[in-house]
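**Q** Attaching a single structure in C-alpha cells format; questions to follow.
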Amino acid sequence: MIASIFVKDARLRPPLRILVYGIVLICLTYVLATALGAVCASCLASTQPGALAAQMLVGVCTVALTTVWLRRRLDRRSVASLGFAPRGPWLRFFAIGVVFGAAMQTLAVAIEAVSGSAHIGAHASLRNDLQLLPLMIVVLLGAAFTEELSTRGYVLQNLWEAWGEKPAVVLSAVLFAAIHSYNPHLREQMWLTWAGLCAFGIFAACSLVWTGSLWLALGTHAAWNLFEGPIYGLPVSGLLLSPSPVITVSVSGPSWLTGANFGPEAGVSSLLALAIGALVLRTLYLGGAFRDQADTREAYARA
C-alpha cells in the first residue's frame, strides 16, 4: 500500500523521477563544472565566445548523459519519445523553427522601432561577422538543445505521463522561467519577465504537442537567441553575449515595452510577437502542415 505512493506499474512515479533527474543533473553539473574550472578558472564566469563554448560543452554533456541514462534506466521508456529522433521530416521542422525564431525576434524589434523605442544603428564589418557568428551559432544551438531536452524533453514528458498534456505544457513553461531566476536584471520587472519567459515556454511546448517532436522548438529557440544577441545586439535573458553584433539596435523606450536590461523577453514587444507566432503555428497545424511527422510518442501521449 505504501509502495503504491512511490511506484506505479513497476516504475517510480513521474514526479519522483523528475526529482531524481534534478538531483543527478545538479551533481553531474557540479562535477563537470569543477573539472572545467580546474582547467580554465575564467571560463565559468566569462561571457566571451570561447568561454561560452566551454560552458555549452559542459551543459550539453551533462544534460545528454543524464537524460538518456535516466530515460532508459529509471523511466524505462524510449529515448526517441523525448522528441529528438532524427526521423521523418525532422530537418524541415528544424528549419521552420529557425524561421519562426528569427521572424518573432525581428517582429519584436520592429514593434519597438515603430513605437520609437528602438533605433537601428551601425552594421558590423563582414570580417567580424564571419569570425564570431559561426562560433555563436554553435554556442546558442548547444544552449537551446540543453534547455529543450531537459525542460520540454524529460520533464515535460514525465509531467504529461502524470497529469496530462495541458498541465504538462503549463508547468514545464513555469519551470523554464524558473531556471532563469538567477539571470542578471530579472528582478527589475520580475512579473513581466516571468510572463515573457513563460510565454516562450508555452510556445515551445505547443510546438512539441503539434509537431510530435522538439525539432521545431530547437530551431525556434536557437534562432530567437541568435537574432536577439549576435544579430541585433540586445541582451539575451539578461546576458550581453555579443560585443560586435551584426546590427546595433539601441533601445531607449519604456522598459515595459522593450524589456530594458533583460532583453525583449521582459517586454510586451516579445509577448505580442510570440502571440502572433503562436497563431501562425496553430494555423499551420490545423492546416495539416505537420501531418507527416514521425510518431515516436509513448502511449500516454497518444491518448
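The values are calculated or read from the model by the stated rules, or taken from the named source; none is laboratory data. Please read all numbers here as calculations on a predicted model, not as lab measurements. Neighbour counts run over all protein chains shown; Cβ positions are idealised from the backbone, glycine included.
**Q** Among T151, T211, which is touching a residue at least 60 places away in the same chain (Cβ under 8 Å) and among the polar types (S, T, N, Q)?
**A** T211
**Q** Follow-up question, since we're still on this one. Go through region 223-257 residue by residue and tally those that are on the phi > 0 side of the Ramachandran plot and either β-branched (V, I, T) or not in a loop (DSSP other than H, G, I, E, B) (or both).
**A** 0
**Q** In region 289-300, is there at least one residue being closer than 20 Å to I111 by Cβ and not hydrophobic (A, V, I, L, M, F, W, C)?
**A** Scanning region 289-300, I find no residue that is closer than 20 Å to I111 by Cβ and not hydrophobic (A, V, I, L, M, F, W, C), so the answer is no.
**Q** Please go through region 1-21 and pick out each residue that is assigned to a helix (DSSP H, G or I) and either among the aliphatic types (A, V, I, L, M) or surrounded by 15 or more Cβ atoms within 10 Å (Cβ to Cβ) (or both).
**A** A3, I5, P14, L16, R17, I18, L19, V20, Y21, listed by residue number.
**Q** Surrounded by fewer than 21 Cβ atoms within 10 Å (Cβ to Cβ), in a helix (DSSP H, G or I) and at pLDDT 95 or above: does that describe A103?
**A** Considered against the rule, which asks whether it is surrounded by fewer than 21 Cβ atoms within 10 Å (Cβ to Cβ), in a helix (DSSP H, G or I) and at pLDDT 95 or above, A103 comes out as yes.
**Q** Here's a check for you: in region 22-60, which residue that is at pLDDT 85 or above and loosely packed, with under 14 Cβ neighbours inside 10 Å is farthest from the chain's Cα centre (by Cα)?
**A** V31
**Q** Out of (1) under 14 Å from the mean Cα position of the chain (by Cα); (2) buried (at least 24 other Cβ atoms within 10 Å of the Cβ); (3) not acidic (D, E), the odd one out for P230 is which?
**A** Tallying (1) under 14 Å from the mean Cα position of the chain (by Cα); (2) buried (at least 24 other Cβ atoms within 10 Å of the Cβ); (3) not acidic (D, E), P230 fails exactly one: (1).
**Q** Out of region 258-294, which residues are surrounded by fewer than 17 Cβ atoms within 10 Å (Cβ to Cβ), in a helix (DSSP H, G or I) and charged (D, E, K, R)?
**A** Hit for region 258-294 is R282, nothing else.
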